[in-house]
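The next block holds one structure in the form of C-alpha coordinates; read it before the comments.
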Amino acid sequence: MADTEYYELLEVERTADDKTIKSSYRRLAMQCHPDKNPGCADSEARFKAISEAYDCLKDPQKRAAYDRFGKAAFQQGGFGGQGQGQGFEGFSDIFENIFGEFMGGRGGQQRGGNSVRRGADLRYDLEVTLEEAFHGKQAEIRIEVAAACEPCGGTGAKAGTSAKGCPTCHGHGKVRAQQGFFVVERTCPSCHGSGQVIAEPCEACRGEGRVDKAKTLEVRIPAGVDDGTRIRVTGEGESGARGGPPGDLYIFIHQARHALFERDGTTLFARCPVSITTAALGGTIDVPGLDRQRHEIRIPPGIQSGKQLRQRGAGMPVLNGRGHGDMIVQIDVETPTKLTARQKELLEQFRALETGEESPQSSGFFSRLKGMWAE
(Lines give C-alpha, C1' and ligand atoms only; values in the text may rest on other atoms or scores of the structure.)
Protein backbone atom coordinates (compact mmCIF):
# COMPACT_ATOMS: atom_id res chain seq x y z
CA MET A 1 0.00 0.00 0.00
CA ALA A 2 2.99 2.28 0.61
CA ASP A 3 3.67 2.32 -3.14
CA THR A 4 0.07 2.95 -4.13
CA GLU A 5 -0.45 6.19 -6.01
CA TYR A 6 -2.23 8.91 -3.98
CA TYR A 7 -5.02 9.48 -6.51
CA GLU A 8 -5.65 5.73 -6.65
CA LEU A 9 -5.81 5.54 -2.85
CA LEU A 10 -8.49 8.26 -2.78
CA GLU A 11 -10.29 6.73 -5.80
CA VAL A 12 -10.28 9.96 -7.80
CA GLU A 13 -8.90 11.08 -11.16
CA ARG A 14 -5.73 13.17 -11.33
CA THR A 15 -7.88 16.03 -12.64
CA ALA A 16 -10.30 15.90 -9.67
CA ASP A 17 -11.08 19.21 -7.97
CA ASP A 18 -10.64 19.91 -4.25
CA LYS A 19 -14.31 19.25 -3.45
CA THR A 20 -14.24 15.82 -5.11
CA ILE A 21 -11.03 14.86 -3.32
CA LYS A 22 -12.40 15.94 0.06
CA SER A 23 -15.69 14.10 -0.46
CA SER A 24 -13.92 10.89 -1.46
CA TYR A 25 -11.54 11.14 1.52
CA ARG A 26 -14.39 11.59 4.02
CA ARG A 27 -16.22 8.58 2.57
CA LEU A 28 -13.17 6.30 2.65
CA ALA A 29 -12.04 7.53 6.08
CA MET A 30 -15.43 6.62 7.57
CA GLN A 31 -15.27 3.15 6.02
CA CYS A 32 -11.83 2.19 7.34
CA HIS A 33 -11.54 4.28 10.50
CA PRO A 34 -9.94 2.17 13.28
CA ASP A 35 -12.87 2.91 15.60
CA LYS A 36 -15.24 1.21 13.15
CA ASN A 37 -12.85 -1.69 12.54
CA PRO A 38 -11.32 -2.45 15.96
CA GLY A 39 -8.36 -4.79 15.82
CA CYS A 40 -8.16 -4.79 12.01
CA ALA A 41 -4.57 -4.02 11.01
CA ASP A 42 -5.48 -3.70 7.31
CA SER A 43 -8.12 -1.04 8.02
CA GLU A 44 -5.72 0.90 10.23
CA ALA A 45 -3.00 0.79 7.56
CA ARG A 46 -5.44 1.89 4.86
CA PHE A 47 -6.73 4.73 7.07
CA LYS A 48 -3.19 6.01 7.57
CA ALA A 49 -2.46 5.72 3.84
CA ILE A 50 -5.53 7.68 2.71
CA SER A 51 -4.87 10.30 5.40
CA GLU A 52 -1.36 10.74 4.05
CA ALA A 53 -2.70 10.99 0.50
CA TYR A 54 -5.35 13.56 1.45
CA ASP A 55 -2.85 15.62 3.46
CA CYS A 56 -0.77 15.94 0.31
CA LEU A 57 -3.47 16.50 -2.31
CA LYS A 58 -5.49 19.08 -0.37
CA ASP A 59 -2.47 21.41 -0.25
CA PRO A 60 -1.92 23.15 -3.63
CA GLN A 61 1.87 23.32 -3.25
CA LYS A 62 2.23 19.74 -2.08
CA ARG A 63 -0.07 18.53 -4.85
CA ALA A 64 1.95 20.42 -7.50
CA ALA A 65 5.17 18.87 -6.22
CA TYR A 66 3.58 15.40 -6.11
CA ASP A 67 2.15 15.72 -9.64
CA ARG A 68 5.62 16.55 -10.93
CA PHE A 69 7.87 14.30 -8.88
CA GLY A 70 5.59 11.77 -7.17
CA LYS A 71 6.39 10.59 -3.65
CA ALA A 72 10.08 11.29 -4.28
CA ALA A 73 9.25 14.95 -3.62
CA PHE A 74 8.77 14.17 0.08
CA GLN A 75 11.32 11.45 0.70
CA GLN A 76 14.42 11.96 2.76
CA GLY A 77 17.21 13.29 0.62
CA GLY A 78 14.95 14.31 -2.28
CA PHE A 79 16.07 17.31 -4.34
CA GLY A 80 19.29 17.79 -2.51
CA GLY A 81 20.91 14.60 -1.33
CA GLN A 82 20.38 15.43 2.32
CA GLY A 83 22.36 13.23 4.70
CA GLN A 84 20.95 11.02 7.37
CA GLY A 85 19.11 12.78 10.15
CA GLN A 86 18.15 15.74 7.96
CA GLY A 87 14.54 14.62 7.46
CA PHE A 88 12.51 15.68 4.44
CA GLU A 89 12.96 19.10 2.94
CA GLY A 90 10.30 21.77 3.38
CA PHE A 91 7.99 22.28 0.42
CA SER A 92 9.46 25.73 -0.07
CA ASP A 93 12.82 24.00 -0.56
CA ILE A 94 11.30 21.73 -3.18
CA PHE A 95 9.97 24.65 -5.17
CA GLU A 96 13.24 26.49 -4.78
CA ASN A 97 15.00 23.53 -6.34
CA ILE A 98 12.41 23.37 -9.11
CA PHE A 99 12.55 27.02 -10.10
CA GLY A 100 15.93 28.03 -8.67
CA GLU A 101 16.82 31.69 -8.57
CA PHE A 102 13.89 32.65 -10.82
CA MET A 103 11.45 32.19 -7.94
CA GLY A 104 13.70 33.19 -5.05
CA GLY A 105 12.51 30.35 -2.77
CA ARG A 106 12.72 30.77 0.97
CA GLY A 107 13.92 27.22 1.81
CA GLY A 108 17.62 28.10 1.70
CA GLN A 109 18.00 31.14 3.94
CA GLN A 110 21.28 33.00 4.08
CA ARG A 111 23.30 33.20 7.24
CA GLY A 112 26.77 34.67 7.09
CA GLY A 113 26.91 33.99 3.35
CA ASN A 114 26.05 30.29 3.81
CA SER A 115 22.80 28.44 3.19
CA VAL A 116 20.97 26.94 6.19
CA ARG A 117 18.05 24.57 6.05
CA ARG A 118 14.73 24.94 7.79
CA GLY A 119 13.88 22.14 10.21
CA ALA A 120 11.37 19.45 9.26
CA ASP A 121 7.68 19.83 10.03
CA LEU A 122 6.21 17.35 12.51
CA ARG A 123 2.84 15.61 12.61
CA TYR A 124 0.88 14.71 15.75
CA ASP A 125 -2.40 12.76 15.69
CA LEU A 126 -4.83 13.72 18.44
CA GLU A 127 -8.12 11.96 19.16
CA VAL A 128 -10.92 14.04 20.65
CA THR A 129 -14.41 13.13 21.79
CA LEU A 130 -17.46 14.71 20.18
CA GLU A 131 -18.03 16.68 23.39
CA GLU A 132 -14.47 18.02 23.24
CA ALA A 133 -14.94 18.95 19.60
CA PHE A 134 -18.13 20.80 20.58
CA HIS A 135 -16.70 22.80 23.48
CA GLY A 136 -13.01 22.94 22.53
CA LYS A 137 -10.27 21.99 24.97
CA GLN A 138 -6.79 22.75 26.22
CA ALA A 139 -4.74 19.70 25.27
CA GLU A 140 -1.36 18.75 26.67
CA ILE A 141 0.72 16.80 24.16
CA ARG A 142 4.18 15.28 24.41
CA ILE A 143 6.40 15.03 21.36
CA GLU A 144 9.91 13.85 20.55
CA VAL A 145 11.66 16.55 18.59
CA ALA A 146 15.14 17.40 17.31
CA ALA A 147 15.95 20.52 19.34
CA ALA A 148 18.93 22.87 19.11
CA CYS A 149 22.00 21.51 20.95
CA GLU A 150 22.72 23.63 24.03
CA PRO A 151 26.49 23.00 24.40
CA CYS A 152 27.27 24.27 20.89
CA GLY A 153 24.31 26.64 20.55
CA GLY A 154 23.11 24.77 17.49
CA THR A 155 26.24 25.40 15.40
CA GLY A 156 27.45 21.80 15.52
CA ALA A 157 31.01 22.91 16.26
CA LYS A 158 32.88 22.15 19.47
CA ALA A 159 32.90 24.99 22.00
CA GLY A 160 35.68 27.43 21.17
CA THR A 161 35.76 26.42 17.50
CA SER A 162 33.68 27.32 14.47
CA ALA A 163 32.73 25.93 11.10
CA LYS A 164 34.80 26.81 8.04
CA GLY A 165 33.87 27.36 4.43
CA CYS A 166 33.50 24.16 2.43
CA PRO A 167 36.48 23.71 0.06
CA THR A 168 34.41 21.71 -2.42
CA CYS A 169 31.72 24.34 -3.11
CA HIS A 170 33.64 27.33 -1.70
CA GLY A 171 30.82 28.11 0.69
CA HIS A 172 28.02 28.18 -1.91
CA GLY A 173 26.38 24.95 -0.77
CA LYS A 174 25.98 23.82 -4.38
CA VAL A 175 28.21 22.51 -7.14
CA ARG A 176 27.75 22.70 -10.89
CA ALA A 177 28.53 20.14 -13.57
CA GLN A 178 28.46 20.42 -17.38
CA GLN A 179 26.19 17.91 -19.11
CA GLY A 180 26.17 18.53 -22.82
CA PHE A 181 24.62 21.92 -23.47
CA PHE A 182 23.29 22.17 -19.91
CA VAL A 183 24.81 23.14 -16.60
CA VAL A 184 23.32 21.09 -13.77
CA GLU A 185 23.44 22.48 -10.23
CA ARG A 186 23.32 20.05 -7.30
CA THR A 187 23.67 20.20 -3.54
CA CYS A 188 27.29 19.92 -2.48
CA PRO A 189 28.06 16.32 -1.41
CA SER A 190 30.69 17.45 1.11
CA CYS A 191 28.69 19.94 3.20
CA HIS A 192 25.17 18.83 2.17
CA GLY A 193 24.21 22.35 1.17
CA SER A 194 25.31 24.17 4.32
CA GLY A 195 28.36 25.75 2.72
CA GLN A 196 30.40 24.89 5.80
CA VAL A 197 32.38 21.97 7.17
CA ILE A 198 33.16 21.32 10.82
CA ALA A 199 36.69 20.20 11.68
CA GLU A 200 35.91 19.63 15.37
CA PRO A 201 32.28 18.61 15.81
CA CYS A 202 30.42 19.03 19.09
CA GLU A 203 30.50 15.81 21.10
CA ALA A 204 26.94 16.24 22.36
CA CYS A 205 25.32 16.42 18.91
CA ARG A 206 28.18 15.00 16.78
CA GLY A 207 28.20 18.06 14.59
CA GLU A 208 24.49 17.97 13.80
CA GLY A 209 23.66 21.06 15.87
CA ARG A 210 20.58 19.41 17.36
CA VAL A 211 19.67 16.53 19.66
CA ASP A 212 16.54 14.48 20.26
CA LYS A 213 14.50 15.86 23.12
CA ALA A 214 11.06 15.29 24.67
CA LYS A 215 8.85 18.35 24.76
CA THR A 216 5.45 18.98 26.38
CA LEU A 217 3.17 21.57 24.79
CA GLU A 218 -0.15 23.14 25.76
CA VAL A 219 -2.31 23.42 22.64
CA ARG A 220 -5.72 25.04 22.36
CA ILE A 221 -8.18 22.94 20.34
CA PRO A 222 -10.91 25.31 19.10
CA ALA A 223 -14.60 24.48 19.31
CA GLY A 224 -16.00 23.03 16.09
CA VAL A 225 -12.99 21.01 14.94
CA ASP A 226 -13.91 18.09 12.71
CA ASP A 227 -12.28 14.81 11.81
CA GLY A 228 -9.27 15.64 9.63
CA THR A 229 -8.92 19.23 10.86
CA ARG A 230 -5.27 20.30 10.80
CA ILE A 231 -3.96 22.74 13.43
CA ARG A 232 -0.63 24.43 12.75
CA VAL A 233 1.66 25.36 15.65
CA THR A 234 4.35 27.62 14.23
CA GLY A 235 7.96 26.99 15.18
CA GLU A 236 7.33 23.83 17.21
CA GLY A 237 8.72 21.41 14.64
CA GLU A 238 12.31 20.17 14.42
CA SER A 239 15.13 22.68 14.71
CA GLY A 240 17.09 23.26 11.54
CA ALA A 241 20.53 21.69 11.31
CA ARG A 242 23.39 23.92 12.43
CA GLY A 243 21.29 26.86 13.49
CA GLY A 244 18.60 26.64 10.83
CA PRO A 245 15.08 27.90 11.67
CA PRO A 246 12.62 25.39 13.15
CA GLY A 247 9.79 23.78 11.24
CA ASP A 248 6.16 23.72 12.31
CA LEU A 249 4.04 21.21 14.20
CA TYR A 250 0.80 20.04 12.56
CA ILE A 251 -1.83 18.49 14.80
CA PHE A 252 -4.34 16.29 12.96
CA ILE A 253 -7.68 15.83 14.69
CA HIS A 254 -9.36 12.42 14.80
CA GLN A 255 -12.88 12.33 16.21
CA ALA A 256 -13.91 9.36 18.36
CA ARG A 257 -17.27 7.66 17.81
CA HIS A 258 -20.17 8.81 19.96
CA ALA A 259 -22.80 6.65 21.65
CA LEU A 260 -25.76 8.73 20.42
CA PHE A 261 -24.75 11.18 17.70
CA GLU A 262 -23.24 10.93 14.26
CA ARG A 263 -21.81 14.04 12.67
CA ASP A 264 -21.74 15.54 9.20
CA GLY A 265 -20.07 18.94 9.29
CA THR A 266 -22.05 21.05 11.74
CA THR A 267 -25.11 18.76 11.66
CA LEU A 268 -25.71 16.15 14.35
CA PHE A 269 -27.81 13.05 13.66
CA ALA A 270 -29.51 10.86 16.29
CA ARG A 271 -31.90 7.90 16.07
CA CYS A 272 -34.57 7.92 18.77
CA PRO A 273 -37.05 5.08 19.42
CA VAL A 274 -40.60 6.04 20.43
CA SER A 275 -43.46 3.85 21.60
CA ILE A 276 -46.26 2.95 19.24
CA THR A 277 -48.74 4.93 21.36
CA THR A 278 -46.57 8.08 21.27
CA ALA A 279 -46.21 7.68 17.51
CA ALA A 280 -49.98 7.30 17.11
CA LEU A 281 -51.16 9.93 19.57
CA GLY A 282 -48.25 12.36 19.48
CA GLY A 283 -46.24 13.67 22.40
CA THR A 284 -42.76 14.88 23.24
CA ILE A 285 -39.36 13.33 23.90
CA ASP A 286 -36.28 14.85 25.54
CA VAL A 287 -32.92 14.55 23.77
CA PRO A 288 -29.74 15.58 25.66
CA GLY A 289 -27.66 17.93 23.52
CA LEU A 290 -23.90 18.36 23.46
CA ASP A 291 -24.54 21.87 24.79
CA ARG A 292 -25.57 20.17 28.07
CA GLN A 293 -29.17 21.29 27.52
CA ARG A 294 -32.33 19.20 27.33
CA HIS A 295 -33.96 19.59 23.92
CA GLU A 296 -37.68 18.86 23.78
CA ILE A 297 -38.70 17.30 20.47
CA ARG A 298 -42.40 17.43 19.62
CA ILE A 299 -43.77 14.25 18.04
CA PRO A 300 -46.73 14.93 15.73
CA PRO A 301 -49.60 12.37 15.85
CA GLY A 302 -49.31 9.58 13.31
CA ILE A 303 -45.56 9.90 12.77
CA GLN A 304 -43.92 7.06 10.83
CA SER A 305 -40.58 5.31 11.31
CA GLY A 306 -37.77 7.06 9.46
CA LYS A 307 -39.30 10.52 9.78
CA GLN A 308 -36.68 13.14 10.60
CA LEU A 309 -37.31 16.08 12.90
CA ARG A 310 -34.98 19.09 12.94
CA GLN A 311 -33.95 21.06 16.01
CA ARG A 312 -32.33 24.23 14.73
CA GLY A 313 -29.21 25.56 16.43
CA ALA A 314 -28.59 22.40 18.48
CA GLY A 315 -25.78 21.07 16.29
CA MET A 316 -22.01 21.63 16.23
CA PRO A 317 -20.50 25.12 16.43
CA VAL A 318 -19.07 26.66 13.28
CA LEU A 319 -15.27 26.42 13.39
CA ASN A 320 -13.73 29.89 13.75
CA GLY A 321 -17.14 31.40 13.12
CA ARG A 322 -20.48 32.11 14.71
CA GLY A 323 -23.57 30.04 15.27
CA HIS A 324 -24.32 26.33 15.33
CA GLY A 325 -25.64 23.75 12.94
CA ASP A 326 -28.82 21.72 13.50
CA MET A 327 -29.69 18.50 15.27
CA ILE A 328 -31.70 16.01 13.23
CA VAL A 329 -33.61 13.31 15.13
CA GLN A 330 -34.76 10.26 13.17
CA ILE A 331 -37.80 8.54 14.67
CA ASP A 332 -37.90 4.76 15.00
CA VAL A 333 -41.37 3.52 16.01
CA GLU A 334 -40.95 0.57 18.37
CA THR A 335 -43.49 -2.26 18.30
CA PRO A 336 -44.18 -3.60 21.81
CA THR A 337 -42.83 -7.10 22.45
CA LYS A 338 -44.11 -7.76 25.98
CA LEU A 339 -47.81 -7.18 26.60
CA THR A 340 -50.01 -7.87 29.62
CA ALA A 341 -53.32 -9.66 29.20
CA ARG A 342 -55.18 -6.37 29.59
CA GLN A 343 -53.01 -4.67 26.94
CA LYS A 344 -53.64 -7.52 24.52
CA GLU A 345 -57.37 -7.26 25.20
CA LEU A 346 -57.37 -3.54 24.42
CA LEU A 347 -55.40 -4.08 21.22
CA GLU A 348 -57.86 -6.79 20.14
CA GLN A 349 -60.70 -4.32 20.69
CA PHE A 350 -58.83 -1.75 18.63
CA ARG A 351 -58.32 -4.27 15.82
CA ALA A 352 -62.00 -5.08 15.83
CA LEU A 353 -62.79 -1.41 15.31
CA GLU A 354 -60.27 -0.88 12.47
CA THR A 355 -61.72 0.34 9.16
CA GLY A 356 -58.50 0.59 7.17
CA GLU A 357 -58.48 4.35 7.25
CA GLU A 358 -56.25 4.32 10.33
CA SER A 359 -53.35 2.86 8.29
CA PRO A 360 -53.81 4.09 4.70
CA GLN A 361 -50.41 2.89 3.51
CA SER A 362 -50.85 -0.75 4.53
CA SER A 363 -54.48 -0.96 3.37
CA GLY A 364 -53.62 0.67 0.05
CA PHE A 365 -50.69 -1.68 -0.44
CA PHE A 366 -52.78 -4.83 -0.04
CA SER A 367 -55.54 -3.38 -2.21
CA ARG A 368 -53.06 -3.02 -5.06
CA LEU A 369 -51.96 -6.62 -4.60
CA LYS A 370 -55.46 -8.10 -4.97
CA GLY A 371 -55.31 -7.90 -8.72
CA MET A 372 -52.23 -10.13 -8.72
CA TRP A 373 -53.83 -13.00 -6.87
CA ALA A 374 -55.32 -15.91 -8.77
CA GLU A 375 -59.09 -16.23 -8.66
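The values are calculated or read from the model by the stated rules, or taken from the named source; none is laboratory data. Just so you know, these numbers come straight off a predicted model, no measurement behind them. Backbone-built Cβ (ideal geometry, glycine too); neighbour counts: all protein chains shown. With ligands, DNA and RNA removed, areas are computed over all heavy atoms of the protein, side chains included. Shrake-Rupley method; radii C 1.70, N 1.55, O 1.52, S 1.80 Å.
Worth a mention:
- Being among the small types (G, A, S), open to solvent by less than 50 Å² (accessible area, probe 1.4 Å) and under 28 Å from A159 (Cβ atoms) is a condition met by at least one residue of the range 209-224.
- Selection status of T278, surrounded by 16 or more Cβ atoms within 10 Å (Cβ to Cβ) and of a type outside the set (A, V, I, L, M): yes
- Only residues that are part of a helix (DSSP H, G or I) and closer than 21 Å to I231 by Cα were counted in the range 20-75, giving 23.
- Residue in the range 1-8 that is small (G, A, S), open to solvent by 70 Å² or more (accessible area, probe 1.4 Å) and over 17 Å from R230 (Cα atoms) present: yes
- Extreme residue, surrounded by the most Cβ atoms within 10 Å (Cβ to Cβ), among residues of the range 112-125 that are part of a loop (DSSP other than H, G, I, E, B) and not hydrophobic (A, V, I, L, M, F, W, C): G119
- Residue that is most open to solvent (accessible area, probe 1.4 Å), among those in the range 126-157 that are farther than 30 Å from L319 by Cα and assigned to a loop (DSSP other than H, G, I, E, B): E150
- Residue check, G160 open to solvent by 60 Å² or more (accessible area, probe 1.4 Å), under 28 Å from C149 (Cα atoms) and modelled with pLDDT under 80: yes
- If the condition is being assigned to a strand (DSSP E or B) and without any contact (Cβ under 8 Å) to a residue 40 or more places away in the chain, then the range 286-303 contributes D286, P288, R294, H295, E296, I297, R298, I299.
- Some residue of the range 308-330 being of a type in the set (V, I, T) and at pLDDT below 90: no
- From the options A270, A279, residue that is in contact (Cβ under 8 Å) with a residue 24 or more places away in the chain and assigned to a helix (DSSP H, G or I): A279
- Identity of the residue in the range 332-375, of a type in the set (F, W, Y) and modelled with pLDDT under 90, that ends up farthest from the chain's Cα centre (by Cα): W373
- Selection count, the range 225-253, where residues are buried (at least 18 other Cβ atoms within 10 Å of the Cβ) and of a type in the set (S, T, Y): 2
- Selection of the range 261-295 for residues being under 26 Å from the mean Cα position of the chain (by Cα) and over 30 Å from D55 (Cβ atoms) yields A270, G289, D291.
- Tally, over the range 322-360, of residues that are free of Cβ contacts under 8 Å to residues at least 24 places away in the same chain, among the charged types (D, E, K, R) and within 26 Å of R271 (Cβ to Cβ): 2
- The range 254-263 - residue that is closer than 25 Å to I303 by Cα and not in a loop (DSSP other than H, G, I, E, B) and, of those, least open to solvent (accessible area, probe 1.4 Å): F261
- Qualifying residue in the range 19-28 (condition: of a type in the set (A, V, I, L, M), in contact with a helix residue (DSSP H, G or I) (Cβ under 9 Å, 6 or more places away or on another chain) and surrounded by fewer than 17 Cβ atoms within 10 Å (Cβ to Cβ)): no
- Qualifying positions in the range 163-211 - of a type in the set (D, E) and modelled with pLDDT of 80 or more: E185, E200, E203
- Of all residues in the range 175-214, those satisfying the criterion of being closer than 20 Å to R118 by Cα, of a type in the set (D, E, K, R) and in a loop (DSSP other than H, G, I, E, B) are R206, E208.
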